[in-house]
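Quick notes on the structure that follows.
The values are calculated or read from the model by the stated rules, or taken from the named source; none is laboratory data. Computed from a predicted structure; not experimentally measured. Heads up, the Cβs are rebuilt from the backbone with ideal geometry, glycines too, and the neighbour counts pull from every protein chain shown. For the accessible areas, the whole protein counts, side chains as well, though only heavy atoms, and no ligand, DNA or RNA atoms are used. Shrake-Rupley method; radii C 1.70, N 1.55, O 1.52, S 1.80 Å.
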Amino acid sequence: MTLPKRYNPHTTEPQLQALWQEQGTYHFDPASSAPVYSIDTPPPTVSGNLHLGHVYSYSHADFFARFWRMNGCNVYYPMGYDANGLPTERLVEKWEGIHASDIGREAFIRRCLAVSAEAEKEYQALWQRMGLSIDWRYSYRTIDDQPRRLAQWSFLDLYEKGLAYRQKAPSIWCPECQTAIAQAELNDLERASTFYTLDFRLEDGQTLPIATTRPELLPACVAVFVHPEDGRFQHLIHQQAIVPHFKQRVPILADPDADPQKGSGAVMCCTFGDTADVTWWHTHQLPLIEAIGRDGRMTDAAAEFAGLSTSHARQQIVAALAEAGLLLGQEPITQSVRVHERCDTPVEYIVTGQWFIRILQQKEAFLQAGEQITWQPPHMQNRYRQWVENLGWDWCISRQRYFGVTFPLWYCANCGEVLLAELDDLPIDPTTQSPKRPCPHCGSTQFHPESDVMDTWFTSSLTPQIVGQWPGPDGDSDALYRQVFPFSLRPQAHEIIRTWAFYTIVKSHYHFDALPWQTVAISGWGLAPEGSEKLSKSKGGGAASPMDMITQHSADAVRYWTASTSLGKDAHINEERVQAGAKLVNKLWHVSRFCSRFLDEEHQTPPPTEESFTPADRWILARTQQLIQRVTKLFENYDYATAKSEVEVFFWRDLADNYLEMAKQRLYEGGAAAAGARFALSTALLTTLKLFAPILPYVTEHIYQHMFATFEGTDSIHRASWPQADERWLDEDMLRLGEALIEIATAVRRFKSEHNLSLGTELAQLHISTHDLQLDAGLQASAADLLSITRAGTLHIKDGVDGGLAEVIGNGRFTIAVMVDKPAAKSAR
């Protein structure tokens, strides 16, 4: 069937997407005996509009799903939405201009549910338009009943095992979000700051200069530390210093963590400026002065500065010190500050009561688990290892927010005993439901509910169980879970190795003593077109929206860009690369349309005799088998970018630019001479379509359905078999001869271009001289195809070329020369 003249992706792509959904092309079959390839798809957080960075990374998982599906696997590829917790709350606050304190907890939760439901519809529409081969029957939300039930079961199980505990201690606190956060939610942000050198006085009135970037913490200063071997201060150890302006007396203590090279060598310890303060406070059993409140403002401990924000307090305290002559100097510096990844707000360390999961005591087990998982690319395992080795805090899982999974517990109002919910009652909201039994410790029936909610990672770290529909320890309908767990693949971005990957490994180890997946594929970031800024749903980004880019170019063209950079590497939004994808789609269509004039079912089986094939036919068939072997290996190793490049080179250079031109004359003439060309062309084109199919699913499907579906017996290329190399056609001699034919054709094209001749200009004569008898014989056998691709009137193959008769244009393995005059009748000698 001849293809239509033009390919319109803007109408064809939506039509094909609808057809795939209608026919269940990507459905997982629980009854199949085929090997299962299961994907623990990352559920995007509902925190804003999806951007091209998401399209970049989510496309990668789809490449693998499509490849393994064509290789006969029963692919389980679900999609979820991480629709609970702080990210969604902040989205609602931003989009609707409301806070829970304005409308109450229950009304705020209803707004979160409504906003997240609308956002999820937009997410699904984009994923479908991008052609992700997801089985939408297995969609989930982390705020649904079963995920909440599993998260609460997880907490109960960890509590019973002694791995969950509540403690009032210094916690990492975000003043903007007004909640505790985990170590994994911190980023480092470079900013301009000032090093202030302050006048601490000794008991004898001498000055002890101390430098700090946070003079607002002076009211919380509880000690001064020096290095025990720093000769400048050894005589001062165990003496006291007087804090400037606030005048409290604090001990001068020795600790090896004090850096003699930083500032004056003496450092103040405040409760709390950073983790070093927390460590010193705990090690040396220092007093606690809380100068900064949960709202990020100064407390009464700051005296006349109470109620000010930390930045305003810093300004006023510096002014007061300068006025009193206690500011010895100030120096501008660039400082790395720990900030909350969600809002870029510098964090504080505040004493609060929080729930934690013990992880520090199991670091070795988590390192061993990481060693047993295959990381793609392999160096990403180092990031995981470094994160685990440098852990300094247990996992804080409680959040002082509203929209999230609640803790299934109450506190006895009489004795403070923790009362856990029953497993059968999960999921439960203790803020609206009461326990069914009295306190086992004192018998009281009065309780206070735990009002905190769980860190969203506490739920999403159970995605293998959520997407596998594990019924829980008391359930018996776990057939699906047993099919898909452990999962074949966890695709994700590199910045959440420390959260989603690590916490999932933690949960799988603690609950099941098993690895959650076999392979982790780590994508890089999609970066703004200029600079290196990571795109963000919540913060926006300087790039076109995904739908706009698809509308302008096509989904296949955008997918081409997403496949142009390997796993683990960041990629700038590059519209020129998208345009190159659109050009490839268009070329693929036009080449296929040309081929469709000569191909039908009878040409998709080999001709009866070897004489039907010219050396050019044998070359393209050999190159096709070689390509199959190479690209299959690359996809098996998760290297879709190199696979795409190699298929593209084959298509443009070997098939479109050279083989078609070699075989064109025989195709037009028809008859027996065209039989080999038709078979070779059919094989090469169908293989090209299949190898491109994981990356360009729309155009390959459309061409396949028009040209090959009937012969293949499969209505979709994405359910067709992946090409298998036929070793009968692998022939090193033909591969070498094919390169020689291309070299000759390239030399002739260069000659025409340099002489301002069109490529279709006929040449009177083409002379080729070689001293390689085997090559000479191959060229003689390829005469018809050489005449076709060079447009030469006659072809002369002999030992030497008379430069007086022809213009020499090549001097490589052979000499090539041409004569341009009135074309003679075509012949070969």
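Holding the Cα-Cα limit at 27 Å, pick out from Lys664/Lys690; Lys121/Lys583; Lys168/Lys507; Lys633/Lys664; Lys583/Lys690 the pairs that are longer than that. From Lys664/Lys690; Lys121/Lys583; Lys168/Lys507; Lys633/Lys664; Lys583/Lys690, over 27 Å: Lys121/Lys583; Lys633/Lys664.
Centre-to-centre separation between the Cα atoms of region 653-690 and those of region 731-748: 16 Å. Entry note: region 260-365 has Rg to Rh equal to 1.00, where both radii use alpha-carbon atoms and Rh is the Kirkwood radius. Sort out for me the Cα centre separation of region 407-427 from region 279-349, rounded to whole Å. Between the Cα centres of region 407-427 and region 279-349 lies a distance of 38 Å. Cα-based radius of gyration for region 30-156, normalised by 2.2 N^0.38 Å, reads 1.22. Remark: spin-label model distance Tyr668-Arg653 equals 2.7 nm, labels positioned 7 Å along the Cα→Cβ axis. Expressed as a whole percent, the accessible area of the chain that falls on carbon and sulfur atoms is 47 (1.4 Å probe).
Name the longest site-free stretch of the chain, where the excluded sites are GluC sites (Glu not before Pro) in a DSSP loop with no more than 13 other beta-carbon atoms within 10 Å. Longest run free of exposed loop sites: 531-829. Taking other residues whose beta carbon is less than 11 angstrom from the beta carbon of Ala663, and scoring Lys, Arg as +1 and Asp, Glu as -1, yields -1. Taking label points 7 Å from Cα along the Cα-to-Cβ direction, Glu106 and Glu739 give a separation of 7.7 nm. Once you divide the Cα radius of gyration of region 661-812 by 2.2 N^0.38 Å, the number left is 1.29. Straight-line cross-link reach from Lys363 at under 16 Å between alpha-carbon atoms covers these aspartates and glutamates, not counting any fewer than eight positions away in the same chain: Glu371, Glu389, Asp394, Asp513. Averaging the Cα positions of each part gives two centres, and for region 429-470 and region 94-173 these lie 15 Å apart. Evaluated at q = 0.10, 0.21, 0.25 Å⁻¹, a Debye calculation over the C-alpha positions of region 211-313 (equal weights, vacuum) places log10 I(q)/I(0) at -0.27, -1.08, -1.40. Solvent-accessible area per residue in region 1-154 equals 36 Å², computed with a 1.4 angstrom probe and all protein chains kept. Once the 1.4 Å probe is applied to the protein heavy atoms, region 264-404 comes out at 46 Å² accessible per residue. Between the beta carbons of Thr197 and Gln386, assuming R0 = 41 Å, the FRET efficiency works out to 0.75 to the nearest 0.05.
For Lys262, the aspartates and glutamates whose Cα falls under 18 Å of its own Cα, not counting residues fewer than eight places away in the same chain, are Asp199, Glu229, Asp230, Asp274, Asp277, Glu331. Loop-located chymotrypsin sites (Phe, Trp or Tyr not before Pro) in region 427-528 (DSSP state not H, G, I, E or B) with no more than 16 neighbouring Cβ atoms inside 10 Å do not occur. Over all Cα atoms in region 83-138, the spread is summed up by Rg and Dmax: 13.9, 42 Å.
Positive contributions from Lys and Arg (+1) and negative ones from Asp and Glu (-1), summed over other residues with Cβ under 13 Å from the Cβ of Cys112, come out at 0. By the helix-only formula, in which each DSSP H run with n ≥ 4 contributes -39500 (n - 2.57) and the sum is divided by residues, the chain has a 222 nm mean residue ellipticity of -11500 deg cm²/dmol.
Note on region 588-703: the alpha carbon radius of gyration divided by the globular reference 2.2 N^0.38 Å gives 1.05.
Here the convex hull built on the C-alpha positions of region 371-423 has a volume of 200 cubic angstrom per residue.
Which whole-number percent of Cα pairs in region 1-104 have a distance greater than 16 Å? Roughly 73 percent, rounded to a whole number.
Charge tally around Ile357: other residues with Cβ under 12 Å, Lys/Arg +1 each, Asp/Glu -1 each, net +1. Spherically averaged projected area of the convex hull of Cα atoms, region 443-531: 9.8 nm². Placing unit charges on the Cβ atoms only, positive for Lys and Arg and negative for Asp and Glu, gives the chain a dipole magnitude near 1160 debye about its Cα centre.
When restricted to Cα atoms, region 303-360 yields an Rg and a Dmax of 16.7, 49 Å, respectively. Taking only the Cα atoms of region 620-662, the radius of gyration and Dmax are 10.9, 35 Å. Each Cα pair of the chain feeds into the Kirkwood radius, which the Stokes-Einstein equation turns, at 37 °C and 0.692 mPa s, into a diffusion coefficient of 104 µm²/s. Kindly state, to the nearest 0.05, the FRET efficiency for Glu575 paired with Thr2, given R0 = 45 Å and r defined as their beta-carbon distance. That pair, Glu575 with Thr2, gives E of 0.85. Heavy-atom accessible surface of region 411-491, averaged per residue, reaches 43 Å², computed with a 1.4 Å probe. Sorted from longest to shortest, the spans of the Cα atoms of region 132-225 along the three principal axes equal 75, 39, 19 Å.
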